[in-house]
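Trainee: The structure that follows is given in the form of structure tokens.
The values are calculated or read from the model by the stated rules, or taken from the named source; none is laboratory data. Owing to the predicted nature of the structure, the values given are computational and were not obtained by experimental measurement. As a convention, Cβ positions derive from the backbone with ideal geometry for all residues, glycine included, and neighbour counts pool all protein chains shown.
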Amino acid sequence: MSCETRKQSPDGVCGLAAPQMAGGPYFPETPAKFRKREVNMSTPFDYGVVDEVITEWGAHPGAIIPILQGVQERYNYLPKAIFPYIAEKLKVSEARIYGVATFYENFSLEPKGKFIIKVCDGTACHVRKSIPNLEQFYKDLGLSEKKVTTDDLGFTVQTVACLGACSLAPALMVSTSGAQDKVYANVSPTQVSHIISELRTQQ
């Protein structure tokens, strides 16, 4: 299928193709207006982290996607304050950066919890009652379809179309930065409460 018949991203590419890597150029001292600005997190947002990611991939428009991925890996979401900063570094419009960030579903503009719980609701899991598990997470954590992250940024609960673990249905996956994803198989609502208790000991 050609790009003419497929949905194109704001960056003019089809799909999430990995751009070519480039060597990291020299970056001048970070402007004062961008140094450590408070965002909706428990710690100050450090633009030095963004500089590290840009240095890794290179300050050119073709690196927009991996740069955004790198920032999200470190903060679990994309603070809106980074858009004008990255735009200035890459010499592109802020609208272009924002357009890419909102085009791909894997990017989030809202803070996510330390533990990201992905409840599979694919056909196999749905038939084997994955929804009661989701509802138990909502009940125990005080969440809902509209509110998916706890106030303390401890947990985010979301549904996914498939985890690729149909034989383990109903299944769910727990992701946390710096650790390997963990898949839980044949989960029941009772197990959901135990999983939450287990994760809380790691907070």
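Trainee: Looking only at the stretch 144-166, how many residues end up being over 21 Å from residue 182 (Cβ atoms) and buried (at least 18 other Cβ atoms within 10 Å of the Cβ)?
Mentor: Qualifying residue count for the region: 0.
Trainee: Can you find a residue in the stretch 177-197 that is under 25 Å from residue 74 (Cα atoms), in contact (Cβ under 8 Å) with a residue 40 or more places away in the chain and in contact with a Ser or Thr (Cβ under 8 Å, 6 or more places away or on another chain)?
Mentor: No, the stretch 177-197 contains no residue that is under 25 Å from residue 74 (Cα atoms), in contact (Cβ under 8 Å) with a residue 40 or more places away in the chain and in contact with a Ser or Thr (Cβ under 8 Å, 6 or more places away or on another chain).
Trainee: Hey, any hits in the stretch 60-83 for a residue that's farther than 26 Å from residue 175 by Cα, among the acidic types (Asp, Glu) and either in a helix (DSSP H, G or I) or touching a Pro at 6+ places or on another chain (Cβ under 8 Å) (or both)?
Mentor: No, the conditions are met nowhere in the stretch 60-83.
Trainee: A follow-up question, please. Being surrounded by 14 or more Cβ atoms within 10 Å (Cβ to Cβ), without any contact (Cβ under 8 Å) to a residue 60 or more places away in the chain and of a type in the set (A, V, I, L, M) is the filter here, so list the residues in the stretch 83-116 that pass it.
Mentor: 86, 87, 90, 92, 97, 101, listed by residue number.
Trainee: Mind telling me which of the residues 179, 185 ends up being of a type in the set (A, V, I, L, M, F, W, C), closer than 19 Å to residue 106 by Cβ and surrounded by fewer than 14 Cβ atoms within 10 Å (Cβ to Cβ)?
Mentor: Working: 185 fails: closer than 19 Å to residue 106 by Cβ.
Checking each option against the conditions leaves just 179.
Trainee: So for the stretch 54-68 (the condition being surrounded by 15 or more Cβ atoms within 10 Å (Cβ to Cβ), at pLDDT below 70 and farther than 30 Å from residue 145 by Cβ), does at least one residue qualify?
Mentor: no
Trainee: Right, another one. So which of 100, 187, 174 ends up being outside any loop (DSSP other than H, G, I, E, B), touching a strand residue (DSSP E or B) at 6+ places or on another chain (Cβ under 7 Å) and among the β-branched types (Val, Ile, Thr)?
Mentor: Numbers: 100 fails: touching a strand residue (DSSP E or B) at 6+ places or on another chain (Cβ under 7 Å); 187 fails: outside any loop (DSSP other than H, G, I, E, B).
Just a single option satisfies the conditions, and that option is 174.
Trainee: Sticking with this structure for a sec: Identify all residues within the stretch 119-143 that are surrounded by 18 or more Cβ atoms within 10 Å (Cβ to Cβ) and either within 12 Å of the chain's Cα centre (by Cα) or of a type in the set (S, T, N, Q) (or both); write none if there are none.
Mentor: 130, 133, 136
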